[in-house]
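One structure below.
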Amino acid sequence: MALPQGQQRLDVFCGFLREIGRRLGKPVMMDPEGDYGHPVLGFDIEADRVVLMADPLIM
């Protein structure tokens, strides 16, 4: 089953965060542009995976 293009890109980006975090042995956070200090995704070193760090916006 093919993944939607957006999901494929997200999977690649999460793999990138994970690889950086594993190599550095540190958490890696991603802030939205213009909203620094409020990460939305991050590599959790203890969980060894990328996690959602912000609650989804519900409208």
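The values are calculated or read from the model by the stated rules, or taken from the named source; none is laboratory data. Everything numeric here is computed off the predicted structure, so don't read it as measured data. All Cβ positions, even for glycine, are placed from backbone atoms using ideal geometry, and neighbour counts span all protein chains on display.
Restricting attention to the range 1-22, the residues that are under 15 Å from Arg49 (Cβ atoms) and more than 12 Å from the chain's Cα centre (by Cα) total 1. Here Arg22 fulfils each of the conditions (1) in contact with a Pro (Cβ under 6 Å, 6 or more places away or on another chain); (2) modelled with pLDDT of 95 or more apart from (1). Of the strands (runs of 3 or more DSSP E) that lie entirely inside the range 3-57, not one contains 3 or more residues that are free of Cβ contacts under 8 Å to residues at least 40 places away in the same chain, small (Gly, Ala, Ser) and out of contact with any Asp or Glu (no Cβ under 9 Å at 6 or more places or on another chain).
Candidates in the range 30-48 are the residues that are acidic (Asp, Glu) and surrounded by 14 or more Cβ atoms within 10 Å (Cβ to Cβ); of these, the one that is modelled with the highest pLDDT is Asp44.
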